[in-house]
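Below is one structure, written out as structure tokens; the observations come after it.
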Amino acid sequence: MMEKKVVVALGGNAILSNDASAQAQQEALIQTSKHLVNLVKEDYKLIISHGNGPQVGNLLLQQQAANSEKNPAMPLDTCVAMTQGSIGYWLANAMTNELKQANISKEVATVLTQVVVDENDEAFKNPTKPIGPFLTEEAAKEEAEKTGATFKEDAGRGYRKVVASPKPIGIHEAKTINTLVNNDIITISCGGGGVPVVGAELKGVEAVIDKDFASEKLAHLVSADMFIVLTGVDNVYINYGKENEQKLTNVTVAELEQYKAEGHFAPGSMLPKIEAAIQFAKNNPGKKAVITSLECLGDLTKNPEIGTTIVL
Ligand SMILES: Nc1ncnc2c1ncn2[C@@H]1O[C@H](COP(=O)(O)OP(=O)(O)O)[C@@H](O)[C@H]1O
Ligand SMILES: NC(=O)OP(=O)(O)O
């Protein structure tokens, strides 16, 4: 059977739940790897990306807490690189061990990825990307006054710091990633949306790119047969969280665009996944994007009713 390329974008809950310790995140990634290896067993070529919203926000807080002349806080682009490194290290080791246990001899490589953005992107004037811990409205107000940062309500789950999130234009390590993929190496790239850089000199800019958009770019780059976005829910819903909520299983781009216009998808959480899925389906006619949970991943390729599938 010809191997099919699949890009899997890992959401927050695949890495971090309540416990932000390194040990707990590593444990979560071991569980995540067990699910991912199921796809490798079915002869899928795995191309992995992941988020970093909670981690990069926590790291910024650590940087600020220790900030001094001799030990200055690192800028946001460097923090993105640091979280790409830590999560990539944990995930590569977890995957390597799970593959070994499954008697699959494949290598895993984490690629530090820089993603080019437009320095004139309007997003720099309007921060929208939630990062770090969830705060109460009161605590968020206090923090905003103290630090000058912007806080916004995140999909009914509390208030979070928001930062600029420009759209990805290009992946600097494109050739490296494709070379690894074509040599049957499992890649972890575009972590945390990639380190945001501008211009030919790859100058870092203070922002966090949405990993769903960067992952769609990655899927296009490697000519993926399928684009899977894993998150905290098995399906996308319309009227989500309301009495009349309705699960979506198979939807067309046109239907999803209609639901999007009707405001069914929360900005900063489900909306970027919907937009990335639409983009993939449009850019790759005949191929499908799927939004579902890690737990559903094993059955996805066997049962067309699993998850929310988006096609042109
Ligand atoms: N229409 C919707 N259908 C399903 N989930 C939704 C919807 N709108 C908002 N959500 C919420 O968005 C969450 C996914 O966003 P988020 O947790 O920010 O992403 P990530 O998994 O990438 O970290 C879901 O777990 C769910 O709680
Ligand atoms: N960078 C990014 O989109 O991270 P999350 O998916 O964790 O929010």
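The values are calculated or read from the model by the stated rules, or taken from the named source; none is laboratory data. Remember, predicted model here, so these are calculated numbers, not experimental data. Glycine also receives a Cβ, built like all others from the backbone with ideal geometry; neighbour counts cover every protein chain displayed. Just the protein is used for accessible areas: all its heavy atoms, side chains included, with ligands, DNA and RNA removed. Shrake-Rupley method; radii C 1.70, N 1.55, O 1.52, S 1.80 Å.
At-a-glance table
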item: T96 touching a residue at least 40 places away in the same chain (Cβ under 8 Å), in a helix (DSSP H, G or I) and more than 16 Å from ligand 1 (Cβ to nearest atom); result: no
item: Selected residue (only one of A219, A200 is surrounded by fewer than 15 Cβ atoms within 10 Å (Cβ to Cβ) and small (G, A, S)); result: A200
item: From the options L297, L271, residue that is out of contact with any Asp or Glu (no Cβ under 7 Å at 6 or more places or on another chain), hydrophobic (A, V, I, L, M, F, W, C), closer than 27 Å to G156 by Cα and free of Cβ contacts under 8 Å to residues at least 12 places away in the same chain; result: L271
item: Scope the range 102-138; condition touching an Asp or Glu at 6+ places or on another chain (Cβ under 8 Å) and open to solvent by less than 80 Å² (accessible area, probe 1.4 Å); matching residues; result: K106, V111, T113, Q114, K129, P130, L135
item: Top-ranked residue in the range 38-59 [being of a type in the set (S, T, N, Q) and either open to solvent by less than 10 Å² (accessible area, probe 1.4 Å) or closer than 24 Å to G194 by Cα (or both); ranked as nearest to ligand 2 (Cβ to nearest atom)]; result: N52
item: Scope the range 195-205; condition out of contact with any Asp or Glu (no Cβ under 9 Å at 6 or more places or on another chain) and at pLDDT 95 or above; matching residues; result: E201, L202
item: Residue within the range 77-88 that is hydroxyl-bearing (S, T, Y), farther than 30 Å from N182 by Cβ and not in a loop (DSSP other than H, G, I, E, B) present; result: yes
item: From the options G191, G132, G158, residue that is within 14 Å of ligand 1 (Cβ to nearest atom), touching a strand residue (DSSP E or B) at 6+ places or on another chain (Cβ under 6 Å) and free of Cβ contacts under 8 Å to residues at least 40 places away in the same chain; result: G158
item: Scan of the range 232-242 for residues that are polar (S, T, N, Q) and either away from ligand 1 (no atom under 13 Å from the Cβ) or crowded, with 22+ Cβ neighbours inside 10 Å (or both), ordered by number; result: none
item: Failed item, numbered, when L312 is tested on (1) under 29 Å from E42 (Cα atoms); (2) crowded, with 18+ Cβ neighbours inside 10 Å; (3) not aromatic (F, W, Y); result: (2)
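Yes/no matrix, rows are residues, columns are (1) modelled with pLDDT of 95 or more; (2) touching a helix residue (DSSP H, G or I) at 6+ places or on another chain (Cβ under 7 Å); (3) outside any loop (DSSP other than H, G, I, E, B):
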residue	(1), (2), (3)
A207	yes, yes, no
D212	yes, yes, yes
A224	yes, no, no
G241	no, no, no
L256	yes, yes, yes
G268	no, no, no
I274	yes, yes, yes
V290	yes, yes, yes
N303	no, no, no
